[in-house]
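Please treat every number below as a calculation from the coordinates, not as lab data. All values derive from a computational prediction rather than experimental measurement. Cβ coordinates were reconstructed from backbone atoms using ideal geometry, including for glycine residues, and neighbour counts include every protein chain displayed.
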Amino acid sequence: MKFRSDPASIRGSLAPVVTPFTATGELDLDSLRALVRWQLAQGSHGISIGGSTGEPGAQSV
């Protein structure tokens, strides 16, 4: 859902989530799904991935 055209429709929070990785450095999709589901179950209206927690400066690819 895009909020730019109707920002008043936002309810709750837009939560930034960290990108989880496994011990071998692979993206941990199961943990990411769990984080997103938990945030939504707690009332977050949306999720911000890969940009709001300082990650862009630490990413190489």
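Highest mean packing comes first when the peptides 16-25, 30-39 are listed by Cβ atoms within 10 Å, giving 30-39, 16-25. Between R37 and A23, the contour length at 0.36 nm per residue exceeds the alpha carbon distance by 2.8 nm.
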